[in-house]
Amino acid sequence: AGSPWSVADILTEDEEQDRVPVQKLKLLGESEELRGLLLNPHLRQLLLTIDQAEEKNSLMKKYMQEPLFVEFADCCLRIVEPPEKENILPE
């Protein structure tokens, strides 16, 4: 009681493979592109609605059809899982 929670407290063993290391999560806070997206009040409202929803799974499915939310999700993924260099065509 009163002690801070850890990620291990909320993840089951099956979910462990989906875990993002804290160092990579910190990169999200350093991203100017992500900060720019978060200035959009519509995106902020979408994120608040998801955070407060009881049925997050069904809401996420709905929001994954929203171009603005997809742009946000893609930005986050590029930060925590950058594309591999060998798959990028030279300019």
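The values are calculated or read from the model by the stated rules, or taken from the named source; none is laboratory data. The structure presented is a predicted model; accordingly, all values stated were derived computationally and were not measured. Cβ coordinates were reconstructed from backbone atoms using ideal geometry, including for glycine residues, and neighbour counts include every protein chain displayed. Only protein heavy atoms, including side chains, enter the accessible area calculation; ligands, DNA and RNA are left aside. Shrake-Rupley method; radii C 1.70, N 1.55, O 1.52, S 1.80 Å.
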Subject >> Inter-label distance, nm, simple model (7 Å from Cα along the C-beta direction), residue 70/residue 34 >> reply: 2.1
Original post:
Considering only the other residues whose Cβ falls under 15 Å of the Cβ of residue 36, what net charge follows from Lys and Arg at +1 and Asp and Glu at -1?
Top reply: -2
Subject >> Carbon/sulfur fraction of accessible area - segment 22-80, other protein chains in place, 1.4 Å, % >> reply: 57
Subject >> Solvent-accessible area per residue for segment 22-80 (1.4 angstrom probe, square angstrom) >> reply: 73
**OP:** Give me the accessible area of residue 37, 1.4 Å probe, in Å² rounded to the nearest 10.
**Re:** 20
